[in-house]
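**Q** Would you mind keeping the following structure in view while I ask a few things?
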Amino acid sequence: MSNILTFRLAVPSEQRALENLQRDASLVWEDDRAALLEHPDAIELPIEQITGGRTIVAERVGGTVGFAVVLRREDGDAELDGLFVDPRCWGQGIGRALIAESVNLSLEEGCSVLHVIANPRAMDFYKKLGFLALVEVPTRFRPAFRMRKDIVKS
C-alpha cells in the first residue's frame, strides 16, 4: 500500500463506511466499548455534515484511512467535531495530516481558531499539535477537555 495520503470531501454514498471506520476506531478502547455498544447512535455521521462539505476524507491507495469533521461555530470559529483513523493505520501521521487539512479548511472560511473537545487519552496528541487545554467539560460518556488552537495563514 502506498504511503501517499490524499484528501477530499466525503460523498453521501460513503456515510455508512465512514461510520464503520469510526466504530472500529472507537471500539478499540475497552473503557468505551460497553457504552458505545449500548448506545450505537453515538456513532453516527449526520448526512448534513457530508452534504455540507464538512467531512474531510484521508485516502491511500487501497481505500479510506481516516476522516475529520470540521463545523462552523456561531462565533465564527471552527470546531473539530470528529477525527477518526483506521486503527490499523495508527501511528502513521494520518491524524496529524487530518488536523492540517482541518486547519486549511478553517482558514479558507476565515476562521482564526480551531476548537476541539478532546477525549482525555487524546490530550497529548492535540497538545503536540499546538492545542491548548482550556477547561474540563461534560460529555455524554465522560468529562473531556475543551481545547483551542490559534490558526493563521502561512
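Every read-out reported here was derived from the displayed coordinates using simple, explicitly stated rules and does not represent laboratory data. Bear in mind that the values here come from a model prediction, so they are computed numbers and not experimental data. With ideal geometry, Cβ positions are generated from the backbone for all residues, glycine too; neighbour counts draw on all protein chains shown.
**Q** At a Förster radius of 35 Å, what calculated FRET efficiency corresponds to the Cβ-Cβ distance of K127 and V61, to the nearest 0.05? Show your work: numbers first, answer last.
**A** On the way: r = 32 Å, r/R0 = 0.91.
My answer for the efficiency is 0.65.
**Q** I would also like to ask the following. Residue separation times 0.36 nm, minus the C-alpha to C-alpha distance between R88 and A34: what's the value?
**A** Details: separation 54, 0.36 × 54 = 19.44 nm, distance 2.14 nm.
That pair, R88 and A34, stretches by 17.3 nm at full extension.
**Q** How much mean residue ellipticity at 222 nm does the chain get from its helices, if each DSSP H run of length 4 or more adds -39500 (n - 2.57) and you divide by all residues, to the nearest 500 deg cm²/dmol?
**A** It lands at -9000 deg cm²/dmol.
**Q** Quote to one decimal, in nm, the extra length available between T139 and R23 on full extension: 0.36 nm per residue of separation minus the C-alpha distance between them.
**A** Details: separation 116, 0.36 × 116 = 41.76 nm, distance 1.78 nm.
Extra length from T139 to R23 when fully extended: 40.0 nm.
**Q** So what is the diffusion coefficient of the chain in µm² per second by Stokes-Einstein at 25 °C and 0.890 mPa s, using a Kirkwood Rh over Cα pairs? Mind dumping the intermediate values first?
**A** On the way: Rh = 15.9 Å.
The Stokes-Einstein estimate is 154 µm²/s.
**Q** Summing Lys, Arg as +1 and Asp, Glu as -1, what charge do residues with Cβ under 9 Å from the Cβ of L132 carry, L132 excluded?
**A** Its environment carries a net charge of +2.
**Q** Between the range 54-87 and the range 96-140, how far is it from one alpha carbon centroid to the other, in angstrom?
**A** So the separation of the two Cα centres works out to 11 Å.
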